[in-house]
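Structure first, commentary second.
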Amino acid sequence: MNGSFVWRDAERVVVFRSGGVEEAPQLLRDHGFAPFTLLSTKRALAETPGLVQAADAVYEVARGQVPELAAALLPSVRRSHLVALGGGRTIDTAKAIASVNGAQVAAIPTTLSGAEMTGIHRLPAGAEDRVGSLVRAELVIADPEAMTGLPELQLRASAMNALAHGADSLYTPFANPVSRMTALRGAELIASSLDQQRDERDTAALAQGGILCGYAIDSGAFAIHHVICQTLVRICGIPHAETNATILPRAMAFVVPRAPDNLAELCEALGTDPENIESRILELGANPPGLGQLGADRSKLDQAIESMLLRPELAFTPEPPTRDELQELIEQAW
C-alpha cells in the first residue's frame with residue numbers, strides 16, 4: 001500500500017506519512033502551528049525529544065477521565081495552538097480544552113483510537129457552560145509506525161476500537177454513502193492487516209483503516225455499541241480499547257438480525273457471513289478478556305444500564321434494546 005498521502009478535508013488536513021512523528025516539528029510549522037503547547041504522556045514525551053524541544057510549553061496528560069484531566073489543565077494551557085501526541089485520552093483532552101479556550105488542535109496519534117478524526121469528545125468538568133462547540137483536529141499527522149507500535153494484544157484491542165467506529169456507524173439514521181464507503185473500506189483494511197503475522201503486517205493499511213473508520217463514525221454517528229462501551233468505561237472503571245474489543249462481537253451479533261441489509265457488506269468486508277460475525281470479530285481481537293477480567297465493578301452494573309437507557313444515541317439502533325436485552329448482552333461479555 002502507498003504509505004504516504006495528504007488529505008485536505010474542508011478545514012482539516014491529514015498528513016499520512018511514515019516518519020511523520022520525526023518530521024512533526026517542521027510539518028507543524030508548515031501548517032501554522034507555531035508556537036504551540038504540547039500535550040502528551042510521559043512515555044511519548046520521552047520518545048520524542050525533537051517535538052518536546054520544538055514546543056513552547058509541555059504538559060503531561062495523566063491517566064484518568066477526560067473531563068477531570070481537561071479541567072485540571074485548562075487554567076494553565078494558554079496557547080492558541082495545541083498539539084496532542086498520544087492516544088484517544090490525550091487527543092480528547094486537547095479537544096476538550098480547545099472547546100473552552102478556542103484553541104486550534106493538531107493531533108499526532110499513537111494508537112488506532114480514531115480521536116484525531118472526530119468531533120466526539122467529553123467536556124471539561126465544571127466548564128460545560130463555557131463550551132463554544134465540539135472540536136475536531138485541524139491538522140492530523142498520522143504516522144503508521146507510531147499508530148501501530150503497541151504490543152500485539154494491545155494493538156488488537158486498539159484495532160477493535162477502530163473497527164467498532166466503522167461498524168457502529170453503518171446502521172444509524174445518519175449513515176450515508178460516504179460514511180458507509182469509508183467504514184467498509186476501513187473494516188476491510190483492518191481485517192486483512194490483522195490476518196497477517198506481525199512481522200509481515202502492512203502497518204500502513206492498518207493505520208489507514210483506523211483513519212477511515214474514525215472518519216465514518218464522525219459522519220455516521222453511533223448507536224448501541226458505543227453507548228454500552230462509553231458507559232461501562234465511565235461507570236464501571238474499565239479500559240476503553242479493551243472494552244470495545246470485548247463488546248463489539250456481541251454487539252454486532254445483536255444488531256445483524258435487526259439490520260441485515262446494512263451489515264451484510266460489513267460481513268463481506270471482514271471475510272465472513274452474518275452467522276459467524278461474532279466468532280470472526282473475536283478472532284480478529286485475539287479472543288479478548290471478559291469484562292470481569294478487565295476489572296469491571298459488577299456492583300455498578302445496574303447503574304450503568306440505567307445510564308445507557310437514558311442515552312439518546314441508543315435510539316439510533318434498529319429496534320432499540322430493552323433493559324433485559326442490554327443486561328443479557330453485557331452478561332455474555334462478562
Worksheet, complete the sentence: Per 10 angstrom bin, beginning at 0 and ending with the bin that holds the maximum distance, the Cα pairs of the range 251-312 fall in percents of 19, 34, 34, 13
Item to complete: Pull out the extension gain between residue 152 and residue 273, defined as 0.36 nm times the separation in residues minus the alpha carbon to alpha carbon distance; nm, one decimal.
Response: 41.0 nm
Discussion item. I want to check the label-to-label distance for residue 286 and residue 72. Put each point 7 Å from Cα in the C-beta direction and report it in nm to one decimal.
Written reply: 3.0 nm
Fill in: Those trypsin sites (Lys or Arg not before Pro) in the range 93-154 that DSSP places in a loop and that have at most 15 other beta carbons within 10 Å
none
Fill in: Helical mean residue ellipticity (222 nm; -39500 (n - 2.57) per DSSP H run of 4+; nearest 500) of the chain
-15500 deg cm²/dmol
Practice prompt. Tell me the label-point distance for the pair residue 43, residue 62, using the 7 Å Cα-to-Cβ offset, in nm and rounded to one decimal.
Written response: 1.8 nm
Fill in: the range 216-334: relative contact order in percent, alpha carbon pairs under 8 Å with at least 6 residues between
38 percent
Worksheet, complete the sentence: Long-range amide H partners of residue 107, meaning residues 5 or more apart or on another chain whose placed amide H is closer than 5 Å, are 84, 139, 140, 141
Worksheet item: For the chain, what is the per residue volume of the convex hull drawn over the alpha-carbon atoms, in cubic angstrom?
Response: 124 Å³
Response to the item:
In the range 1-91, the GluC sites (Glu not before Pro) that sit in a DSSP loop and have at most 10 other Cβ atoms within 10 Å of their own Cβ are 11
Discussion item. Relative contact order for the range 1-104: what percent, with Cα pairs under 8 Å and sequence separation of 6 or more?
Written reply: 24 percent
Worksheet item: Taking the highest mean first, how do the peptides 175-188, 289-302, 271-284, 96-109 order by number of other beta carbon atoms within 10 angstrom per residue?
Response: 96-109, 175-188, 271-284, 289-302
Practice prompt. Note the per residue figure in Å³ for the convex hull of the C-alpha positions in the range 1-85.
Written response: 129 Å³
Worksheet item: Which percent of Cα-Cα pairs in the range 40-172 sits in each 5 Å bin, short to long?
Response: 2, 11, 20, 24, 20, 13, 7, 2, 0, 0
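FYI, it's all coordinate maths here, none of it is from the lab. Computed from a prediction, not measured in an experiment: that's the story for all the values here. For neighbour counting, all protein chains shown are included, and Cβ atoms are generated from backbone atoms with ideal geometry for every residue, glycine included.
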